[in-house]
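Taking it in order: structure first as C-alpha cells, then the write-up.
The values are calculated or read from the model by the stated rules, or taken from the named source; none is laboratory data. All figures in this text were calculated on a predicted structure; none of them were measured in a lab. Counting neighbours? That spans all protein chains shown, and the Cβs are built from the backbone with ideal geometry, glycine included. Just the protein is used for accessible areas: all its heavy atoms, side chains included, with ligands, DNA and RNA removed. Shrake-Rupley method; radii C 1.70, N 1.55, O 1.52, S 1.80 Å.
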Amino acid sequence: MSSTDRQLGLEERFGRFVESLPNTEVIDRLELPSDPTRRRKADYLLGGRSVIVELKTLSDDVSHKVEAMADHHRERDDWPLFYGTADVRKVLAHLPDGEAIYGKLVNALGRSVEDAVRSAEEQITHTREVLGLPDAAGVLVILNEAVEILDPYVVGHRVARLLRRPRTGNSASEKPNFVWLLFESHTMGKVAGMPAAPSILIRGDGASRFPWFDAFHKDVVRRWAEWNGGIAFEGNAHDPSKIHFSPMKDVREPAPTRIPRHELWRRRYRAYPYLRALSDEGVLARGADIMRRLMPHFIKGGPGYVPEAVNPLMEEFTHFQEEASFRALDLRDMPMHGGV
C-alpha cells in the first residue's frame, strides 16, 4: 500500500485492498443479467465467485443513548458512585436488574447493526439469485473506524443474536454465513509495538457448508495486515466479554510535551496497575487508608499543604481512582477507616 493509501479512511482503504486481491470482481462494474425489479446487490465477488461480500460501515454515534440510560437510573439508591468514566457493563453489574438493563441497551445501540445485517441478507441473496451462485459463501464485513460506543463486544453480541434468530417466513433472504468485524475504532493493546485492531469472524448457521472458508479468511486477514504495514496475530480468547477493548485514540494520539501532573500519575498507573491483584474490598480499603492519611493536610490545625508529603499521597489516590473506575466500584462501599 502506498503512503497515500495509508491516509485514506477505513472504508475506502478496505475497498482498494479488496480490489487488489486475486480473482476479485466489483459487482457494480459487471454487466449483470436482466433484473426487472432492480434489486440491490452485494459489493464484491472473491475467490473466483466462491465468496459474495457485502460491506457495511458503522457511522452513527449513539453514545447519547447510553447517557439517557444512565440519567434514567442514576437516582436509584443502588446506582454506584464512582470517579471518572467506567465500563457500562461493570456499572450495571452492581444492579440486581443490571443484566436486563444491559440487554435493552444493547438492543438500542444495535439498531444500526441490525439494519446492516438485514440489508446485507437481501443483497447477498439477490446476488446469489441474479448471478446463479447458490453455492457461494455469503459474507458481511462490518467496518468501524471511529464510533467508540459500538465496541466489538456490543456489535458482536448483536450480530450473533441476529444470526441465531428464528425465521418467521416474512423474508426469503438467507442469513449471512459469516460476519467479519473489522474495527479501527478500538484496540486490544499492542503487538510488536503496534495497536492490535480487532478482527473477529462470527459464524452463522450455514457456516458448516464451507469448511474451506477458515483458511480463505485467514489468508485475507494476513494480506490485510500486510497491506496496512502490520502483522496478523491470532488470539485464543473464545469469550469476547473477557477481552478489554480500549479506544484506538488512546494509543494513537501522540504524547503532549507537557501534561498535567494528575495525567502523568494516571499514565504511570495504567502502565503498571499494581492494585489489579487486590480484591474489590482490598481496593476500597486502600482508598480509605489513603484518604485517612491525606485528611490531616486539609483540616484546620493540620500540617497544611506540604508538597513532599501531600504529592505522593495524591498520586496514590489517583492510582486508586483509576483502579476504582476500571472496576466501576461503588465508593459508598468504602470502609470508614482505612486499612490495606
Residue 200 fails exactly one of the following numbered conditions: (1) over 20 Å from residue 243 (Cβ atoms); (2) in contact with a strand residue (DSSP E or B) (Cβ under 8 Å, 6 or more places away or on another chain); (3) surrounded by fewer than 20 Cβ atoms within 10 Å (Cβ to Cβ). What is the number of that condition?
(1)
Go through (1) modelled with pLDDT under 90; (2) open to solvent by 60 Å² or more (accessible area, probe 1.4 Å) for residue 208 and report which single condition fails.
(1)
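Confirm whether residue 237 is aliphatic (A, V, I, L, M) and modelled with pLDDT of 90 or more.
Criteria not met by residue 237.
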Going by the conditions given, is residue 163 modelled with pLDDT of 85 or more, surrounded by 18 or more Cβ atoms within 10 Å (Cβ to Cβ) and either of a type outside the set (Ser, Thr, Tyr) or farther than 17 Å from residue 114 by Cα (or both)?
yes
List the pairs whose first member sits in the stretch 204-223 and is of a type in the set (Val, Ile, Thr), whose second member is modelled with pLDDT of 95 or more, and whose Cβ atoms are under 8 Å apart, counting only residues at least 6 apart or on separate chains?
220/21; 220/46
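Among the residues of the stretch 22-60, how many are farther than 15 Å from residue 120 by Cα, open to solvent by 20 Å² or more (accessible area, probe 1.4 Å) and among the aliphatic types (A, V, I, L, M)?
Total meeting the criteria: 3.
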Condition met for residue 336 (of a type outside the set (Ser, Thr, Tyr) and under 24 Å from residue 91 (Cβ atoms)):
yes
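Test residue 295 against the criterion of being surrounded by 14 or more Cβ atoms within 10 Å (Cβ to Cβ) and not polar (S, T, N, Q), and give yes or no.
Answer is no for this residue.
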Hey, any hits in the stretch 252-275 for a residue that's touching a Lys or Arg at 6+ places or on another chain (Cβ under 8 Å), part of a helix (DSSP H, G or I) and either of a type in the set (Asp, Glu) or exposed (fewer than 15 other Cβ atoms within 10 Å of the Cβ) (or both)?
no
Of the residues 179, 220, 154, only one is among the hydrophobic types (A, V, I, L, M, F, W, C), buried (at least 16 other Cβ atoms within 10 Å of the Cβ) and touching a strand residue (DSSP E or B) at 6+ places or on another chain (Cβ under 6 Å); which?
179
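Check 41, 104 and return the single one that is assigned to a loop (DSSP other than H, G, I, E, B) and modelled with pLDDT of 70 or more.
Step by step, each of 41, 104 is checked, and only 41 is assigned to a loop (DSSP other than H, G, I, E, B) and modelled with pLDDT of 70 or more.
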